[in-house]
1. Can you confirm whether A:Met261 is surrounded by fewer than 20 Cβ atoms within 10 Å (Cβ to Cβ) and modelled with pLDDT under 90?
2. Hey, among the residues in segment A:130-170 that are aromatic (Phe, Trp, Tyr) and part of a helix (DSSP H, G or I), which one's farthest from A:Arg110 (Cα to Cα)?
3. For A:Val195, only one of the following conditions fails: (1) more than 22 Å from A:Ala13 (Cα to Cα); (2) within 14 Å of chain B (Cβ to nearest Cβ). What is its number?
4. Need the failing condition index for B:Trp97 against (1) open to solvent by less than 40 Å² (accessible area, probe 1.4 Å); (2) within 12 Å of chain A (Cβ to nearest Cβ); (3) in a helix (DSSP H, G or I), just the number.
5. Select the helices (runs of 4 or more DSSP H) contained entirely in segment A:58-120, then report the ones holding at least 2 residues which are within 25 Å of the chain's Cα centre (by Cα) and under 30 Å from A:Leu38 (Cβ atoms).
6. For segment A:96-130, give me the residue count where each residue is free of Cβ contacts under 8 Å to residues at least 24 places away in the same chain and surrounded by 13 or more Cβ atoms within 10 Å (Cβ to Cβ).
7. Does segment B:144-155 include one or more residues that are modelled with pLDDT under 95 and exposed (fewer than 15 other Cβ atoms within 10 Å of the Cβ)?
8. Taking B:Pro167, is it assigned to a loop (DSSP other than H, G, I, E, B), over 12 Å from B:Glu100 (Cα atoms) and not small (Gly, Ala, Ser)?
Amino acid sequence: MKSFKNHLSLITALFTILFTIQIFIIVERAIASYEQNLSQQYSIIVIANSTLQNSRFIEAHPFIERSETITVDDVLERLTRDMKQKNVDLLKLSLPKFYRIYLKSYPSPRDIDSVGNALKKIPSVSKIESFAQSHDTLYNLLLLFKNVVSVFALTILAVTTLLIIKEMRLWQFQHSERMNIMALFGAPVWLRSAVLFRLSIVDAIIASGLINAAFSAIEHQRWIHEQLGALSITLTLFDPIRDGLMLFGIAMGISIVLASMIIMGHKEEV
Amino acid sequence: MDKVILAQNLTLSYNTQESIINDANLSINSGSFVFITGASGSGKSTLLKAFFGALQPRSGSLIVGGVEMKDIPSKKLNFLRRHLGIVFQDYKLVKEWTIEKNVMLPLIISGYTKEVSETQVDKLLQHVRMTHQSGKYPPELSGGEQQRIAMARALAHNPIMILADEPTGNLDDYSANLIWRLLEGANTQLKTTVVVVTHHIPEEITTDYKHYHIEAGSIYEVV
């Protein structure tokens with residue numbers, strides 16, 4: 001029972017750390033996916049006095065992905081129903097050219113300024129509309145969300161680290177007697193520490209198994225995907241190979257570091 | 001006769017504190033039975049600690065089993081300890097291990113196979129009359145029984161020398177007598193060197209022995 005409790009406390013601490021990491025990864029992925037959506041929806045309108053090629057925009061700034069010409073034909077048709085074709089053609093020639101500029105990713109306000117300045121340097125560009133105000137509100141909201149999640153994750157990591165340190169002291173106390181006795185009979189360090197490493201590796205495997213099971217169950221919850229879908233976010237919450245292996249590696253790393261610290265901190269006392 | 005322990009001008013101390021053993025000379029022959037006596041705090045246990053490498057000599061020389069103990073590398077110390085059997089007043093058994101596993105410890109460390117270890121443990125438990133308790137854990141046993149297990153563990157790997165620190169200090173007369181018989185048996189039958197640190201030499205000892213006494217940091221041979 002005592003041994004089970006010892007296992008449980010490390011498994012709980014490891015599980016919490018892994019859970020926090022995976023939640024942080026999911027939020028990062030969700031934000032990245034949402035930013036991708038926003039970047040596809042977001043565009044800057046450019047008004048130019050002459051025709052500009054797509055390549056001219058791409059050359060202007062590395063952030064620019066492509067440009068699209070906004071056709072004014074439909075609007076003109078409604079406005080010029082009673083006009084002669086010759087006059088309509090003249091009007092068309094005198095009208096400025098409208099372009100929609102798409103960016104590679106969702107820009108920060110500074111990126112928008114930078115792109116705007118680059119576009120202004122193109123001689124024929126007369127006006128730029130970047131919808132900065134509504135963009136800034138959304139961007140700041142995303143930033144706030146990111147920061148809140150980061151602070152939350154860091155807090156949990158700090159608390160669980162303290163838990164692990166406490167656990168380490170407990171283990172140090174529990175295992176030092178056995179390690180001392182083994183040392184008295186000439187056991188090499190690897191043999192004295194074998195039990196400790198076995199315990200920590202087993203706990204890391206159990207914690208990783210539990211986290212795999214928990215996130216596999218979460219991955220199959222339709223309502224979560226529906227809620228994300230409502231925000232046009234489609235993502236993999238948990239990839240058993242990529243995420244599972246990464247979390248297993250982290251759990252093993254923490255456990256081995258923990259056991260090594262206990263062994264290094266051990267002093268023979270008789 | 002081979003010297004299993006040879007101390008020359010040996011000085012022992014803990015950290016920078018004043019020395020506990022001062023400029024001492026002592027020699028113990030292989031196969032002998034030796035008592036080291038002294039008052040509480042005289043340095044008996046400190047000397048024993050130096051014999052099994054838990055304390056390094058501050059100055060002088062201490063050779064145990066042909067190995068110089070001053071600045072001994074840990075690998076060499078481990079090797080030496082695999083040839084020693086140590087018995088303590090507080091038994092020093094691993095509480096979470098069964099009696100059988102505790103006795104098996106030196107055999108596991110020395111790399112014996114499972115089959116050989118099990119046979120040896122059975123023999124030893126029989127020798128210390130503890131076969132019926134093999135599956136139990138140390139806290140389930142009395143002090144005398146725990147010390148018998150500690151004795152079995154000390155004998156398990158046929159050590160060249162048994163170092164015993166007040167082995168009967170916590171025991172009743174019956175258990176104490178049993179421990180003395182076991183130590184004498186190891187010395188007379190197996191020719192194992194036995195070094196016992198104690199307050200008083202017990203009257204029931206029948207074997208020939210050598211007696212050292214520690215007083216005011218010096219070691220004297222009592223003839």
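1. Yes: the conditions hold for A:Met261.
2. Residues of segment A:130-170 aromatic (Phe, Trp, Tyr): A:131, A:139, A:145, A:152.
With part of a helix (DSSP H, G or I) added as a condition, the list becomes A:139, A:145, A:152.
Details: A:Tyr139: 11, A:Phe145: 19, A:Phe152: 27 Å.
The selected residue is A:Phe152.
3. The one condition A:Val195 does not meet is (1).
4. It fails just one condition, (3).
5. In segment A:58-120, the matching helices (runs of 4 or more DSSP H) lie at A:109-120.
6. First, the residues of segment A:96-130 that are free of Cβ contacts under 8 Å to residues at least 24 places away in the same chain: A:110, A:113, A:117, A:120, A:123.
Cutting the leftovers down to surrounded by 13 or more Cβ atoms within 10 Å (Cβ to Cβ) gives us A:113, A:120.
The qualifying residues number 2.
7. No, because not a single residue in segment B:144-155 is modelled with pLDDT under 95 and exposed (fewer than 15 other Cβ atoms within 10 Å of the Cβ).
8. Criteria met by B:Pro167.
The values are calculated or read from the model by the stated rules, or taken from the named source; none is laboratory data. The model shown is predicted, which means the values in this text are computed figures rather than measured ones. A quick note on method: Cβ atoms are made from the backbone with ideal geometry, for glycine too, and the neighbour counts reach across all protein chains shown. Ligands, DNA and RNA are stripped out before the accessible areas are found, and what is left, the full protein with its side chains, is counted by its heavy atoms. Shrake-Rupley method; radii C 1.70, N 1.55, O 1.52, S 1.80 Å.
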